[in-house]
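Please treat every number below as a calculation from the coordinates, not as lab data. These figures come from a predicted structure and were not determined experimentally. Virtual Cβ from ideal backbone geometry, glycine too; neighbours counted across all protein chains shown.
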Amino acid sequence: MNYLHYKVNAGPTKVIKVSLSDKANVRLLDTLNYYKYRLGKSYQSNSEHTDKIACTFTPPHKGEWHVIVDLTGQGSEVRAFVEVVDGAQKL
């Protein structure tokens, strides 16, 4: 698998902002589903954005979250910037 991985701690009062240098599929996974994804097994994504260069996620509960930028099929190099901000600063 070809992907970028970012681990963050956040909860429902926080927003995870992802900015990309090119369009890619971005997923938000909890730890169990990240390990399933890594092993190529069936997993469930808490949230997913397809072919975006910027997106936001609000985690459903506090904990460790994994932001995955899927690079499969990407023809160009993709760079990502991930930050966690207060929910009041969504935009």
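The count of lysine pairs in the chain that are at least 8 places apart or cross chains, and whose C-alpha atoms lie under 19 Å apart, stands at 11. Helix-only estimate, please: 222 nm mean residue ellipticity of the chain, summing -39500 (n - 2.57) across DSSP H runs of length 4 or more and dividing by its residues, to the nearest 500. Mean residue ellipticity at 222 nm (helix-derived): -2500 deg cm²/dmol. When the chain is treated as a Gaussian network with alpha carbon springs shorter than 10 Å, the biggest mean-square fluctuation among 29, 39, 71 belongs to 39. Taking amide hydrogens as placed 1.01 Å from N in the peptide plane, the amide H of residue 24 sits under 5 Å from those of 51, 52, each at least 5 positions away in sequence or on another chain.
Roughly what percent of Cα-Cα pairs across the stretch 41-81 reach past 16 Å?
Of the Cα pairs, 46 percent sit more than 16 Å apart.
Near residue 65: Cβ cut-off under 15 Å, other residues only, Lys/Arg at +1 and Asp/Glu at -1. The net charge is +3. The fewest-to-most ranking of 66, 5 by surrounding Cβ atoms within 10 Å reads 5, 66.
Diffusion of the chain by Stokes-Einstein, at 25 °C in a medium of 0.890 mPa s and with Rh set to the Kirkwood radius over alpha-carbon pairs, works out to 186 µm²/s.
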